[in-house]
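Here the structure is laid out as structure tokens; the discussion comes afterwards.
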Amino acid sequence: MHQKHPKIARPEQRTYGRIAYSLVGTTCARIEAIMESWLNIAGEDYRCLGVTGDHGEVTWASQGQHDSRQWMSPQGQWNEYDDRLQARTYDLALVNGNHYPAEKQIVFLDAQKSGTLERRSEQLTDIAAIVKVKPEDTVPHWLQAKLDTDQIEVNIYEFKNIIEILNDTILPTAQSRIPVLKALILAGGKSSRMGQDKAELVYRNGISESERLTEICRELGLEVHHSVQTTDPGAIVPQIGDRFLGLGPLGAIASAFLHEPDTAWLVLACDLPLLEKADLATLLAKRDSRKYATALRGASRPFPEPLIAIYEPRAYERILRFLSLGYACPRKVLINSDIATLSVRNEQPLTNANTPEERAKVIDLLNEPIR
């Protein structure tokens, strides 16, 4: 059968974030006050978004603000795919359910807004919690019938305990949605300066660098993939072929996201023969999933190491944007993005061996007696 377009792995589709809760059933003022409070708390550990209606206040077709800079345009077009693109940036979204639906719901029992809640009954598809605005508020029959039909147990909270919903339900769900981390070892470079494949060079223990890094990553509990130019069906380690040919390491990283867009990738070059398991264990422990990436940086060096770094799924779109601007340098992407860096005083593990001369120096270091 003829296929017009090639199949591409699609990320899990969300409307506003990896997990989204709508707050529905009470006044917009109360909902937005709670949203602001929860977003400030959750924002310490997750990248958060609040979604509400404009209440007729917007005068520009599109507008935004970053720090003190504002921008406005009379042209603006937005559809569900723009929502999906934005959702790739956020871990947790809180939505004013009086205006828009969301994947999960926090339902308020408010006698003054009971009609509003009932009119939105079709939006109540996955109720996470129910909140009584006043102690005497009760679950209406139509809502109880929905709960009975779904055969689910929903905790009912007093309004004074509103913060417990955040701690009991929302934050644990956000934690469970942190992307799984896998390792991507860049084994498909040309190695033109070295004159031979750096991934196959042996420095110690009688194994190649690609094998050594694979062993280390597996010991750290990571599933490993090798990035290669052309895949080998008989390869023992899973391979990801480069689908952005000629774009170097950044193309390899983009290819990994194209293969598994919901995965975070620990990206490692094969020219780091002094890199040890302890160095990577420290990097993994300091991973900040709120950022685009988490990278090592030598204490005396001004820039992070882009090929000893964890790239979160949200970095995929940003990488493609940099490529669209004509930049294929992964370090430039990191320098100009919101990332976490781990400064290390011992810079020896960051030593690159890209030429025969650099390789000889590394071998000398490995052969030095222990002091």
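The values are calculated or read from the model by the stated rules, or taken from the named source; none is laboratory data. Note that the coordinates shown come from a computational prediction; the quantities given were computed from them, not determined experimentally. Quick reminder, even Gly has a Cβ in these numbers, built from the backbone with ideal geometry, and neighbours come from all protein chains shown.
Checking each residue in segment 22-54 for being assigned to a strand (DSSP E or B), touching a helix residue (DSSP H, G or I) at 6+ places or on another chain (Cβ under 6 Å) and crowded, with 21+ Cβ neighbours inside 10 Å picks out Leu23, Cys48. Could you tell me which of the residues Leu275, Leu250, Leu266 is part of a helix (DSSP H, G or I) and either in contact with a His (Cβ under 8 Å, 6 or more places away or on another chain) or touching a residue at least 40 places away in the same chain (Cβ under 8 Å) (or both)? After ruling out the rest, the residue left standing is Leu250. The strands (runs of 3 or more DSSP E) found entirely in segment 283-371 that carry 3 or more residues being closer than 23 Å to Gly248 by Cα are 293-298, 308-311. Against the numbered list (1) modelled with pLDDT of 95 or more; (2) over 19 Å from the mean Cα position of the chain (by Cα), Leu296 comes up short only at (2). Listed by first and then second residue, the pairs linking a residue in segment 214-232 that is within 14 Å of Asp279 (Cα to Cα) to a residue that is part of a helix (DSSP H, G or I), with Cβ atoms under 7 Å apart and 6 or more places separating them unless they lie on different chains, are Ile216/Lys277; Ile216/Leu280; Glu219/Lys277; Leu220/Lys277; Leu220/Leu280; Leu220/Ala281; Leu220/Leu284. The residues on offer are Leu342, Leu366, Leu283, and the sole one that is loosely packed, with under 13 Cβ neighbours inside 10 Å and in contact (Cβ under 8 Å) with a residue 12 or more places away in the chain is Leu366.
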